[in-house]
Amino acid sequence: MDRILLDDGLKDIAAKVRSGQQLDRDDAIRLFETKNLLGVGYLADIVKKHKHQDNVYFVVNRHITYTNICVNRCKFCAFSKTKGEKGSYVLSLDEIEEKARAAKGLKVSELHIVGGLNPDLDLNYYTEMMYRLRKVLPGTVIKALTAVEIAYLADKHGLTVDKVLRRLQAAGLEYLPGGGAEVFSPRVRRLVCPDKISGERWLEVHAAAHRLGIRTNATMLYGHVETTEERVDHLLKLRELQDRTEGFLSFIPLAFQPKNTELAGSGARETTGYDDLKMLAVARLVLDNFDHIKAYWINIGPKLAQISLDFGVDDIHGTVMEEKISHAAGAGTKQVITKEELVRLIKAAGKVPVERDALYNVVTEAL
Ligand code: V47
Ligand code: SF4
């Protein structure tokens, strides 16, 4: 195996990884640019094994996507609609409650709730949603609202982000999903999501959540117009914040799905399997202070997600049950996967499946 590492001159990086030294910007760029995928994966696997041995985590979860009406209309998003446009929707609180009720017998440990920036919804809609969900599914962790939705609510009501988070936390919010980060570079944001909050503001919302004890995830939407340097700088900004707050639980690279998006018109293509594995492995190596690197099977497919378990990944997300954002953009996967299938994939890769709850508490190891 060491020959693979030597071939492409990754020896110095390998030494750093083995001695637990943090990688720097140049190391990260070299890892992205080498064609030695197996070497990078091998190093990422060392870190993964050091943190989690052969364990691979998954969660029985349910996504609820409460509205697709959004004022931002990011160019990579095929899910969002303008109010009144054909296909636009907003779920009533009763409809949301009904979805939770339908999940009652399924031992769901996480509700994953994300939606658009809908001008008709105010903070009361969200607090009422949390109260109701807590009542229907007590003990299920509510992972809801990206930093973008939190910042939108703060601006709409003239409140600080801290105040909005406190109100939601009191109603039952425990965890923020990692969406909305995209790529922090202002150049990329100007090109693909000019109306979205800045990367700095995204980081501020997460810092505010961490101060309140709300754990969060982080993502990066990759495979559109970003450069290698912009990917690396995104990872380094996350690592810096994590050094200060230790509030992030997992990092999830989101492979761009181009169909039906404005970017597809300008030639954007699907990511390749090579890029997907490289992205996950480099993230594992650079984000040494993140506990978990998650492969989102919805975007890269269950088969590649399984292979990624040898490339630094320790978490394969969950059962999902209903996915709208990536499927609007042509994701070729199903919208649900059974717990048994996740267990089968993990075991067939020679790993130990561990069912977790949203906050990575172990639900059951004996699977
Ligand atoms: O912010 C939008 C992304 C995100 C596309 O925390 C797209 O566990 C691919 O927050 N192709 C929302 N991605 C999803 C999200 C998430 C997903 C999985 C796990 C977690 C977690 C959080 O979806 C958006 C945006 O970055 N997105 N359009 C697209 N065409
Ligand atoms: Fe709106 Fe989110 Fe889609 Fe951007 S990615 S248009 S903020 S729903």
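Of the helices (runs of 4 or more DSSP H) lying entirely inside segment 85-192, the ones with 3 or more residues being within 15 Å of ligand 1 (Cβ to nearest atom) and at pLDDT 95 or above are found at 147-157, 186-192. The helices (runs of 4 or more DSSP H) falling completely within segment 211-303 that include 2 or more residues that are in contact with a Ser or Thr (Cβ under 7 Å, 6 or more places away or on another chain) and crowded, with 20+ Cβ neighbours inside 10 Å map to 273-286, 297-300.
If you scan segment 153-177, which residues turn out to be open to solvent by less than 70 Å² (accessible area, probe 1.4 Å) and of a type in the set (D, E, K, R)? The one that is open to solvent by less than 70 Å² (accessible area, probe 1.4 Å) and of a type in the set (D, E, K, R): 162. I'd like to know if segment 309-323 contains one or more residues that are surrounded by fewer than 22 Cβ atoms within 10 Å (Cβ to Cβ) and part of a helix (DSSP H, G or I). Checking segment 309-323: at least one residue is surrounded by fewer than 22 Cβ atoms within 10 Å (Cβ to Cβ) and part of a helix (DSSP H, G or I).
Among the conditions (1) near ligand 2 (Cβ under 9 Å from one of its atoms); (2) within 30 Å of residue 345 (Cα to Cα), residue 75 misses just one, which is (2).
A residue that is surrounded by fewer than 21 Cβ atoms within 10 Å (Cβ to Cβ), of a type in the set (Lys, Arg) and within 25 Å of residue 253 (Cβ to Cβ) occurs somewhere in segment 178-188. Of all the listed residues (357, 291, 310), the sole one being closer than 18 Å to residue 41 by Cβ and of a type outside the set (Lys, Arg) is 310. For segment 95-111, a residue qualifies if it is open to solvent by 10 Å² or more (accessible area, probe 1.4 Å) and closer than 23 Å to residue 82 by Cα, and exactly one does: 95.
Would segment 100-113 turn up any residue that is more than 28 Å from residue 339 (Cα to Cα), in contact (Cβ under 8 Å) with a residue 12 or more places away in the chain and aliphatic (A, V, I, L, M)? The answer is no, given that none of the residues of segment 100-113 is more than 28 Å from residue 339 (Cα to Cα), in contact (Cβ under 8 Å) with a residue 12 or more places away in the chain and aliphatic (A, V, I, L, M).
The values are calculated or read from the model by the stated rules, or taken from the named source; none is laboratory data. Quick caveat, the model's predicted, so the values are computed rather than measured. Neighbour counts are summed over all protein chains in view; Cβ atoms, including those assigned to glycine, are modelled from backbone coordinates with ideal geometry. Accessible surface areas use protein heavy atoms only, side chains included; no ligands, DNA or RNA. Shrake-Rupley method; radii C 1.70, N 1.55, O 1.52, S 1.80 Å.
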